[in-house]
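Colleague: Take this structure, written in structure tokens, and hold onto it; I'll ask about it next.
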Amino acid sequence: GAGVSQSPSNKVTEKGKDVELRCDPISGHTALYWYRQSLGQGLEFLIYFQGNSAPDKSGLPSDRFSAERTGGSVSTLTIQRTQQEDSAVYLCASRQVAGRGEQYFGPGTRLTVT
Amino acid sequence: SQQGEEDPQALSIQEGENATMNCSYKTSINNLQWYRQNSGRGLVHLILIRSNEREKHSGRLRVTLDTSKKSSSLLITASRAADTASYFCATAKGYSGGGADGLTFGKGTHLIIQP
């Protein structure tokens, strides 16, 4: 079956602009996760959803970052007023049930802020 | 913040040799997982070992876990050129329903298999 998909695969934006990154999890997976991978910080957890609610937002680096999930499926990560330090690969993962089993990762969105 | 630390940061070996990567972590865990990443994009899950397990095998992979030393190792036997990738360990805390559930990743080992 289809895996986790993310769009766009690459995004170049100017500093100060807002961006939206999209994640389509595997059908039927109730848990969805966002991570960020950058050269300086490695792989960092940002936020996860169980259904449409986000029990853990502890990894969001600032209030410029927000995420939502609707219909227990697609999720959008929004970064407002982007900064150069936001440049990274943003990875989404899903799994069938939170707290159990492996997480399946998407190919990521490479964000470059100029 | 990064909990795990893998070593070595980079490893280059000849095809057919065994590759061993180590990971250390800082807090108590529910399980530890190893992932592979090719070309800086999607992560592929390799193996999961629970905190009450000491060793696990999957094909050419062997993982050990020492919770007293807060460390794990990943052994890839009879390496192939296709094993060239970055390998990350990731730890998960106990999940209590509605609580923290994200993975904490190490910095990774970049493995190069010379044909």
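The values are calculated or read from the model by the stated rules, or taken from the named source; none is laboratory data. Predicted model, so just to flag it, every value in this text is computed and none were measured. Using ideal geometry, Cβ is built from the backbone for each residue, glycine included, and neighbour counts are taken over all protein chains shown. In case anyone asks, the SASA skips ligands and DNA or RNA and just uses the protein heavy atoms, side chains included. Shrake-Rupley method; radii C 1.70, N 1.55, O 1.52, S 1.80 Å.
Colleague: Based on what the data block shows, is B:Thr109 under 18 Å from A:Cys92 (Cα atoms) and buried (at least 17 other Cβ atoms within 10 Å of the Cβ)?
Modeller: Spelling it out, it is not the case that B:Thr109 is under 18 Å from A:Cys92 (Cα atoms) and buried (at least 17 other Cβ atoms within 10 Å of the Cβ).
Colleague: Taking the condition surrounded by fewer than 16 Cβ atoms within 10 Å (Cβ to Cβ) and either over 24 Å from A:Gly108 (Cα atoms) or not aliphatic (A, V, I, L, M) (or both), does B:Arg36 pass?
Modeller: No: the conditions fail for B:Arg36.
Colleague: Cβ-Cβ below 7 Å, separation at least six or inter-chain, first residue in the stretch B:5-16 and under 17 Å from A:Gln41 (Cα atoms), second aliphatic (A, V, I, L, M): which pairs?
Modeller: Cβ pairs passing all conditions: B:Glu6/B:Met21.
Colleague: Do you know which residues across the stretch A:90-104 are part of a strand (DSSP E or B), among the hydrophobic types (A, V, I, L, M, F, W, C) and crowded, with 21+ Cβ neighbours inside 10 Å?
Modeller: A:Leu91, A:Cys92, A:Ala93
Colleague: Here is a follow-up. So, A:Val19, is that one crowded, with 17+ Cβ neighbours inside 10 Å, β-branched (Val, Ile, Thr) and in contact with a Leu (Cβ under 8 Å, 6 or more places away or on another chain) or not?
Modeller: Criteria met by A:Val19.
Colleague: Please go through the stretch A:53-89 and give me each residue that is in a loop (DSSP other than H, G, I, E, B), more than 14 Å from every other protein chain (Cβ to nearest Cβ) and not small (Gly, Ala, Ser), ordered by number.
Modeller: Hits for the stretch A:53-89 are A:Asp63, A:Arg64, A:Thr70, A:Val74, A:Gln80, A:Arg81, A:Thr82, A:Gln83.
Yes/no per residue for (1) more than 11 Å from chain A (Cβ to nearest Cβ); (2) touching a strand residue (DSSP E or B) at 6+ places or on another chain (Cβ under 7 Å); (3) among the acidic types (Asp, Glu):
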site: B:Glu5; (1), (2), (3): no, yes, yes
site: B:Ser12; (1), (2), (3): yes, yes, no
site: B:Ala19; (1), (2), (3): yes, yes, no
site: B:Cys23; (1), (2), (3): yes, yes, no
site: B:Lys26; (1), (2), (3): yes, no, no
site: B:Leu32; (1), (2), (3): yes, yes, no
site: B:Ser51; (1), (2), (3): yes, yes, no
site: B:Thr64; (1), (2), (3): yes, yes, no
site: B:Leu75; (1), (2), (3): yes, yes, no
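Colleague: May I pose another question? Looking only at the stretch B:34-47, how many residues end up being more than 14 Å from B:Phe105 (Cβ to Cβ) and either of a type in the set (S, T, N, Q) or part of a strand (DSSP E or B) (or both)?
Modeller: So the answer is 3.
Colleague: Among the residues of the stretch A:27-52 satisfying the criterion of being of a type in the set (S, T, N, Q) and more than 8 Å from chain B (Cβ to nearest Cβ), which is nearest to A:Gly3 (Cα to Cα)?
Modeller: Among those that are of a type in the set (S, T, N, Q) and more than 8 Å from chain B (Cβ to nearest Cβ), it is A:Ser27.
Colleague: Give me the residue from the stretch B:39-72 that is open to solvent by 50 Å² or more (accessible area, probe 1.4 Å) and among the small types (Gly, Ala, Ser) and, out of that set, nearest to the chain's Cα centre (by Cα).
Modeller: Taking the candidates together, the pick is B:Ser58.
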